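Peer 1: The structure under discussion is supplied below as structure tokens; questions concerning it will follow.
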Amino acid sequence: MTAMAKTAIKLKLNGNEVEALVEPRTLLIHFLREQADLTGPHIGCETTHCGACTVDLNGRSVKSCTVFAVQADGAEILTIEGMARPDGSLHPIQSAFLQEHGLQCGFCTPGMIVRTHRLLQEIPNPTEDEIRVGLSGNICRCTGYQNIVKAVQSAAAQLAATKEAAE
Ligand code: FES
Ligand code: FES
């Protein structure tokens, strides 16, 4: 059996320039977890249903099991590993999930938090319905979603207060 030819890709991953060789068939989630050592994005289904693999790609939430790594050539990607502040403290969205008990087993949480980050960029002060619709691509088997909604509301309030204080 001959090895499949590899393609060079270059991308910005959590603010760092990364270059790699990938097979054309490699999914972005496999590249992230196996080549870039970013195991925060999880694999729940590999069929675009669960959202555990969600990352931010060029300002949009994507399910990284649905994207080939070669399609991310030249892209900017944010994963859960890139959410913490430069001093290592938690991002307000991470703190809100912690404080509001927006997680139990935590399997869905990296995808939930990265998706919430984009949702709050799209709609800084979402209604409960907008939160539920905005997170509808992310499945949680544990929480019943109520505390996730509370966490997003709390994060939105914290981010708005920080923005006001900076203005
Ligand atoms: S692993 Fe990608 S959506 Fe489930
Ligand atoms: S906290 Fe367990 S799947 Fe969401």
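Peer 1: Output the number of the condition that Glu34 fails; it satisfies all remaining conditions of (1) within 16 Å of the chain's Cα centre (by Cα); (2) over 30 Å from Asn147 (Cα atoms).
Peer 2: So the condition that Glu34 fails would be (1).
Peer 1: When segment 1-47 is examined, which residues are found to be assigned to a strand (DSSP E or B) and either within 28 Å of Leu119 (Cβ to Cβ) or within 16 Å of ligand 2 (Cβ to nearest atom) (or both)? So that I can check it myself, show each step before the final result.
Peer 2: Taking segment 1-47 first, the residues assigned to a strand (DSSP E or B) are 7-13, 16-22, 27.
Answer for segment 1-47, where residues must be assigned to a strand (DSSP E or B) and either within 28 Å of Leu119 (Cβ to Cβ) or within 16 Å of ligand 2 (Cβ to nearest atom) (or both): Ile9, Leu11, Lys12, Leu13, Asn16, Glu17, Val18, Leu27.
Peer 1: Further question on the same structure: Please state which one of Cys65, Cys45 is touching an Asp or Glu at 6+ places or on another chain (Cβ under 6 Å), over 23 Å from Asn147 (Cα atoms) and free of Cβ contacts under 8 Å to residues at least 60 places away in the same chain.
Peer 2: Working: Cys45 fails: touching an Asp or Glu at 6+ places or on another chain (Cβ under 6 Å).
It is Cys65.
Peer 1: Looking at segment 100-112, can you tell me whether even one residue there is hydroxyl-bearing (Ser, Thr, Tyr), free of Cβ contacts under 8 Å to residues at least 12 places away in the same chain and either open to solvent by less than 20 Å² (accessible area, probe 1.4 Å) or more than 12 Å from ligand 1 (Cβ to nearest atom) (or both)? Write out each step before concluding.
Peer 2: Here is the first cut: in segment 100-112, the ones hydroxyl-bearing (Ser, Thr, Tyr) are 109.
Those still in the list that are free of Cβ contacts under 8 Å to residues at least 12 places away in the same chain too: none.
No - not one qualifying residue is present in segment 100-112.
Peer 1: Restricting to segment 113-127, and then to whatever is touching a helix residue (DSSP H, G or I) at 6+ places or on another chain (Cβ under 6 Å) and open to solvent by 50 Å² or more (accessible area, probe 1.4 Å), can you tell me which residue is farthest from ligand 1 (Cβ to nearest atom)?
Peer 2: Among them, the one singled out is Asn125.
Peer 1: Separate question: In segment 129-159, how many residues are closer than 16 Å to Ala96 by Cα, part of a helix (DSSP H, G or I) and either open to solvent by 50 Å² or more (accessible area, probe 1.4 Å) or touching a residue at least 60 places away in the same chain (Cβ under 8 Å) (or both)?
Peer 2: Residues of segment 129-159 that are closer than 16 Å to Ala96 by Cα, as a first pass: 131, 135, 143, 145-159.
From what's left, part of a helix (DSSP H, G or I): 131, 146-159.
After this cut, where a residue has to be either open to solvent by 50 Å² or more (accessible area, probe 1.4 Å) or touching a residue at least 60 places away in the same chain (Cβ under 8 Å) (or both) as well, the list is 146, 150, 153, 155, 157-159.
Qualifying residue count, segment 129-159: 7.
Peer 1: Another question, if that's okay. If I ask for residues that are open to solvent by less than 80 Å² (accessible area, probe 1.4 Å) and within 22 Å of Lys150 (Cα to Cα), which ones from segment 80-99 would you list?
Peer 2: Listed by number, the residues that qualify are Ile80, Met83, Ala84, Ser89, His91, Pro92, Ile93, Gln94, Ser95, Ala96, Phe97.
Peer 1: Give me a count of the residues in segment 114-128 that are hydrophobic (A, V, I, L, M, F, W, C) and not in a helix (DSSP H, G or I). Please lay out each step first, then the result.
Peer 2: As a first pass, look at segment 114-128 and keep what is hydrophobic (A, V, I, L, M, F, W, C): 114, 119-120, 123.
From what's left, not in a helix (DSSP H, G or I): 123.
Looking only at that region, the number is 1.
Peer 1: Taking Val70, is it within 14 Å of ligand 1 (Cβ to nearest atom), at pLDDT 95 or above and either buried (at least 19 other Cβ atoms within 10 Å of the Cβ) or not in a loop (DSSP other than H, G, I, E, B) (or both)? Please lay out each step first, then the result.
Peer 2: Numbers: within 14 Å of ligand 1 (Cβ to nearest atom): no; at pLDDT 95 or above: yes; either buried (at least 19 other Cβ atoms within 10 Å of the Cβ) or not in a loop (DSSP other than H, G, I, E, B) (or both): yes.
Judged against the criteria, Val70 is not a match.
Peer 1: State whether the residues of segment 48-64 include one that is assigned to a loop (DSSP other than H, G, I, E, B), within 16 Å of ligand 2 (Cβ to nearest atom) and open to solvent by 80 Å² or more (accessible area, probe 1.4 Å).
Peer 2: Yes, because at least one residue in segment 48-64 is assigned to a loop (DSSP other than H, G, I, E, B), within 16 Å of ligand 2 (Cβ to nearest atom) and open to solvent by 80 Å² or more (accessible area, probe 1.4 Å).
The values are calculated or read from the model by the stated rules, or taken from the named source; none is laboratory data. The structure displayed is predicted, hence computed values, not measured ones. Quick reminder, even Gly has a Cβ in these numbers, built from the backbone with ideal geometry, and neighbours come from all protein chains shown. Calculation scope for accessible area: heavy atoms of the full protein, side chains included, ligands and nucleic acids excluded. Shrake-Rupley method; radii C 1.70, N 1.55, O 1.52, S 1.80 Å.
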